Each structure stands twice: as C-alpha cells, then as structure tokens.
Amino acid sequence: MKLPEHNRYPFSIIDKRPGYDWPAGKRLAVYITISVEHFAFGAGLGEDISTLGAPQTQRNFGWRDYGQRVGLWNMIEMFDALKLPISHAVNGLVYRERPELVARLHARGDEIIAHGRTSSEIQNDMWEHDEAHLIREVTVAITAVGSKPPAGWLGPAFGETRVTIDLLKEDGYEYVLDWPADDQPFWLTTRAGPLLSVPYPLELNDVTALLHRRHAAREFADMVVNQFEVMLSQCAKEPLVFALGLHAYVSGQPFRLHALRKALGHCLAHRDMDRVWLARPGQIARHCMNLPDGILPRP
Amino acid sequence: MIDRRPVYDWPDGKRLAFYIGTNVEYFAFGTGVGSDPAFGSGGRQTQRNYAWRDYGHRVGIWRLFDLLDELKLPAAHNLSSLMCTHRPEIVERMRARGDEIIGHGRTQSERQIAMWEDDETRMVAESTAAIQAAYRTRPYGWMGPGMSHTPVTIDVLQEAGYKFVMDWCCDDQPFWMKARAGRILCVPYPLEVNDSVTLLFRQQTASEFADMIVDQFDEMIEQCVKRPLVCTIALHPMTMGQPFRLGLLGSALKHIANHPQRDRVWFTLPGRIAEHCAGLPAGIVPGS
C-alpha cells in the first residue's frame, strides 16, 4: 500500500551521518528567535490567553500589542545582559506599520527572518499565485530597510502550502524553519534546487508550550534547561542545534521573563559551555552550506 | 474483581510484570489523522506535524533505543506495518535487540472503527503479513491505531491468529475475552501512563509524566505483594525522544531498574506475559 508522501527529503538517521563540527570545533549551535508580529484588529487569526480559538477583540489585540510596546524591549535588554545573540522573525507588515521598531532591530545588527506578512493569516489555503505575491511583498519590505534580502523564512504558525518551499527558493531564500523534523540541518528538494531546513522548535516554543499546552512559565523554563543539558551531553557524538522559539507578547510578560532569565543564566553557567556556539540561524545555515561535499548530502 | 481472584505468580515467583511499550508509526503526508503538540489529536495535517512526527524516526527512536540498551531493558513496539518497507533500519534495530513487535495496523493515519468487516479483515491480514516478512515472526499481540475497535475487531483478530489484545485498558491483570470462534487474552496496556494521552491530549509536562511513571511503579510494587500485576508504560519516539523529555524519562526508568524491591519484578514483554497466562491451569486467569 502506498500513502501520500512529501518527497522533499529522504530518510536519514541522526547517528549514521557524516560527522562535522560547528566553527572552532564547537558541538552545540544555540540560537534564539523572537517573533515580532502585526495583527489585524478584530479580524483574522490571533492567540488569546484564556480561550483557544477565541474571537478577535480589543482585549486579545491589546494583550498581543504589549509585545511590541513593552515585551520585546525587555526581552532584548535581558539577552544583551546575558550576552546572547538573538534573531527576530518579523511579519512583513511590521515594516509598514511600525517603521521605528524595525529600524531599531536593523540598527542592532540582529538577523531578521522573514515571518510572513501578518500572523493574522496562515498560508495553508492560499493559491500559489497569491502565496508568491505574499512572499515577494515580505522580501521587498525587509530588503528595503536591511539593504540585503532575508536569508531565512519562518511561516506564521509554521503554515505552508504544497509549494511554499518551491516559492521560497525561487524568491532567493537560503533556508527555512518550518520543518521540525531533526536536530540538525538537512536539505529539502524544491523545483528550483535545494533549500536548507534549519531546526526551529515546535515544542521548545512559548506559543506551543504556554498558550496551547497551558504550561506555567516555570515549567517552560525547566524545559529549556532540560533540553539544553541533554543536548549538551548528546552533542559529544553529533553536532546539534539547540533552538528556542519565543514571541514578544508571550515571554515578554515580566513573570515569564523572570523564569526564563534564571533558566538561561543556569545554562550559560554550565561547565560544558566550551562546546557551545552562540549563533544565529543564518550563520548555522551558511556553515552547513560551506561544508565539504557529501557531509550534508544534497538531494 | 481483582481482589477476589485466584492468586498466581509470574515466573520465578515474581509478582510485578513490567514492560515498556513504544508506538512506532508511519503517517500519510498531509491527510488522514495524526497528533500535533499544540492541537492534540485535532489540527490539520501539514508539514508542521508530519515533520514533528518524523523527528521520532530520524532522531527520537534512536535516543530511546540507546537509553533502553544502556538500562538493558527490552521493549515491545506497536509497529505500523508500513514501517517495514519505509523505515527498515528501525525494524532491524528492533530485531537486533530481540524486542517484540505488536500488530498496530498499517498506518497511524487511519482508524479501524471506520472500516467494514471485510476491509478490517484485509487490513489485519496485510499488516500481519508485512511484519512476518520483515521480522521473520508474525505478531501475536495487537494494539490498534488509536485503540479503535469495531464491534467485530476481537473476532477478526482471533480468527487472524492473534493470541492477545492490548487495547481495552480495563485491568491490571490479563483476562480472557470471548470471540465468536474462540477466546483471546486481554493484556494490560496503559491509557494514562501513556505519553500520547498525558502529554498530547492532556497537555501535561514531561516532569509530570515522569512523576506518573515513578508513582505508578512505586504503588504497584507494594500492591503486588497481594497479587500478580502488570505495570506498563507507553511511549512515542517523537514525544519522549525530544531532549527535554528524554533525560526525565531516563531518571524515571533508572528508578525502576534500580528499585530496592526489584526482585519482585519480572522485566518482560507482553507476549511472554500472554504465554505464561495461557499455560496456567483453567480457573486461574479470569475468563478461563
């Protein structure tokens, strides 16, 4: 019996692949992404803290807007104090609606990851024509401020159609974060050539854990520590990527920032920190693309 | 009623049969049913949740195999038969470990409850034959995808040569069930100490699940002084193989493997439990 398949990557087992290191012999690449999002008022999709799938109101809009007004800046201050590099997955519409915000992010030199147009929509049901238009809009908006196009893409809610990765490759993207299938990067086949999948977490992600699964802030902080400690041990055998997905309106709440600050401080004090490469996803992608042929088999 | 039944022992006078069951499943891409850590069993099927489940095949199951090897524990694997053709390396590692395979349908993307008897009979035959071809022995136990039964599933399974089923979750001891052409043993398997139900549907944390495993064992190791029991845990590679959960699982399993009363424990597999019960005199196991 044959089932529908994606045909985008072959099967491969983590401990049976050619070995490699991150730069300077490091073994665990660590990166953190903060999603910065623009929502429609009173329409479309958007998370709510009390009720999953709640209607869009000023209440949940306001709760999410806290992220851009307050949360993001407190998170950035924390990461700067911890000396952790960060990247931002930014909705294209933030570029039009909040130019002063994006100017600050670009001035910091953090990596910007294209994050769809708005998190009030999900790409899954779009026609190819409209999705291509969406991707182009976002790329143009980010390039206009950053002078170079974004290298990576993360769809709102990991949303993709059957042709998203074809369109991304055709639009010049180098890597995508929508396929949480591995702890290492791997190549995806597209109609326009290979596109790199870089690990980005569905679970070590504050929207999944704190909003959908309703875990407490301290529980999420424990997950971060557990993930880090186990991967630091596992990476002796294989080079791995530890990725943390945060959203300004979720982890920017002071009580969550407090728990996260302690967890990250604990991780950074680990005796095996010498194995760690504090990085951004674009650097991880470029390092993989520059590995000798055959290390990361291309489709 | 459990406390009114004849008392018996497991082999060597043991009283607590303990086994680990994993669920190693093959999915259709973009259609059918399948879980998502945000949406439990709901949510549309996309690359997001397919990839998250594929992590279990690429990474998670290998971490679990290594952990079980380290602890020298066998496991029973509820295996989608399509794993035999699509992920033969995983099946080969199971065979190398000497683990047991439990019939688990063709794919986790479908449910038996939606099938006519003819189609259910054919599905059972196809999946059994596929495992026999890959594993060299056929499975004698069944745990259906989503534990979903039709009114005739028990009959279909018994007629297909299955000796035991694991999807009724109604007892801590095995007992015999009547089928239209004979009988079939019901072997305990957990609905609650099960990472799919607890982590995905109830959305509890990894620590809470690890605590459940420890508490279940600690309670049953005392209960078993009075009567033979079966203690079992159910795992999925894409959940328990995630690094933030793996360490906690390791600690819970070490608590069990190194328990001061481990001399009461028969570290075993469901097929061996079924064989032991089938060999007991009539009247000992309920329903016999």
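What to note about this one:
- Bins of 10 Å, starting at 0 and running to the largest distance - Cα pair percent for the protein assembly as shown: 3, 17, 26, 25, 16, 9, 3, 1, 0
- Accessible area buried between chains B and A, both sides summed, probe 1.4 Å, in Å² to nearest 100: 4000
- Calculated diffusion of segment B:96-149, Stokes-Einstein form, Kirkwood radius summed over Cα pairs, 20 °C and 1.002 mPa s, µm²/s: 185
- Taking a straight line from the alpha carbon of B:K254, these lysines sit under 23 Å away, with near neighbours fewer than eight places off in the same chain left out: A:K237, B:K14, B:K72.
- Within segment B:1-157, all pairs of alpha-carbon atoms sorted by distance into 10 Å bins from zero give the percentages 10, 34, 33, 18, 4, 0.
- Volume of the Cα convex hull of segment B:142-245, divided per residue and given in Å³: 106
- The mean number of Cβ atoms from other chains found within 10 Å of a Cβ in peptide B:196-205 is 2, as a whole number.
- For A:K148, the lysines whose Cα comes closer than 24 Å to its Cα, not counting residues fewer than 8 places off in the same chain, are A:K169.
- Sequentially through segment A:78-94, phi angles give Karplus couplings (6.51, -1.76, 1.60; θ = phi - 60°) of 5, 5, 5, 5, 7, 6, 9, x, 10, 10, 10, 8, 10, 4, x, 5, 4 Hz, Gly and Pro residues having no value and appearing as x.
- Burial ranking of peptide ranges A:84-95, B:211-222 (average Cβ count within 10 Å, highest at the top): A:84-95, B:211-222
- Compactness of segment A:162-225 as Cα Rg over 2.2 N^0.38 Å, two decimals: 1.41
- Other-chain or far-sequence residues with amide H under 5 Å of B:Q203's (modelled H): none
- For the protein assembly as shown, DSSP calls about 15 percent of its internal beta bridges antiparallel.
- Within a Gaussian network of chain B (alpha carbon springs, distance under 10 Å), most fluctuating of B:P11, B:P190, B:P139: B:P11
- If both residues of a DSSP beta bridge must be in segment B:92-206, then about 50% of such bridges are antiparallel.
- Kirkwood radius and radius of gyration were both taken over the C-alpha atoms of segment A:180-299, and their ratio Rg/Rh is 1.01.
- Estimated FRET transfer efficiency when R0 is 56 angstrom, pair A:D125-B:D171 (beta carbons, to 0.05): 0.75
- Ratio of Rg to Rh for segment A:94-139: 1.04 [Cα atoms; Kirkwood radius as inverse mean 1/r over pairs].
- With N the number of residues in segment A:81-205, Rg(Cα) / (2.2 N^0.38 Å) evaluates to 1.03.
- Fraction in percent of alpha-carbon pairs per bin - 5 Å, segment A:112-180: 4, 19, 33, 28, 13, 3, 0
- Shielding value for B:39-48 is 5, the average number of Cβ atoms from other chains within 10 Å of each residue's Cβ.
- Taking amide hydrogens as placed 1.01 Å from N in the peptide plane, the amide H of B:I102 sits under 5 Å from those of B:H77, B:N78, B:L79, each at least 5 positions away in sequence or on another chain.
- Of B:T239, B:T121, B:T46, the residue with the greatest mean-square motion in the GNM of chain B, using alpha carbon springs below 10 Å, is B:T46.
- Choice from B:G241, B:G250, B:G13 showing the highest fluctuation, given a GNM over chain B with Cα pairs closer than 10 Å: B:G13
- Near-label residues of segment B:35-78 by backbone N, under 11 Å of a point 7 Å along Cα→Cβ of A:K16: B:58
- Stokes-Einstein diffusion for segment A:205-264, with the hydrodynamic radius set to the Kirkwood value over Cα pairs and evaluated at 10 °C in a medium of 1.306 mPa s, equals 132 µm²/s.
- Scanning residues 5 or more positions from B:N194 or on other chains, those with amide H under 5 Å from its amide H are B:A234, with H placed 1.01 Å from N in the peptide plane.
- Rg followed by Dmax, in Å, when chain A is reduced to its Cα trace: 18.6, 56
- Peptides A:105-115, A:7-17 ordered by average Cβ neighbours within 10 Å, highest first: A:105-115, A:7-17
- Here, segment B:1-73 is characterised by an Rg to Rh ratio of 1.20, where Rg is the alpha-carbon radius of gyration and Rh the Kirkwood radius.
- Exercise: per-residue mean of other protein chain Cβ atoms within 10 Å, A:208-218: 3
- Segment B:92-197 - Debye-derived log10 I(q)/I(0), Cα point model, q = 0.14 Å⁻¹: -0.54
- Secondary-structure-derived ellipticity at 222 nm for the protein assembly as shown, considering helices only, amounts to -11000 deg cm²/dmol, per-run term -39500 (n - 2.57) for DSSP H runs with n ≥ 4.
- Percent of beta bridges antiparallel (DSSP, chain B, rounded to nearest 5): 20
- Considering chain B at the alpha-carbon level, its Rg and Dmax are found to be 18.2, 52 Å.
The values are calculated or read from the model by the stated rules, or taken from the named source; none is laboratory data. Note that the structure is predicted; figures quoted are calculated from it, not measured. Neighbour counts run over all protein chains shown; Cβ positions are idealised from the backbone, glycine included. Each accessible area value is taken on the protein alone, full model and side chains, heavy atoms only, with ligands, DNA and RNA left out. Shrake-Rupley method; radii C 1.70, N 1.55, O 1.52, S 1.80 Å.
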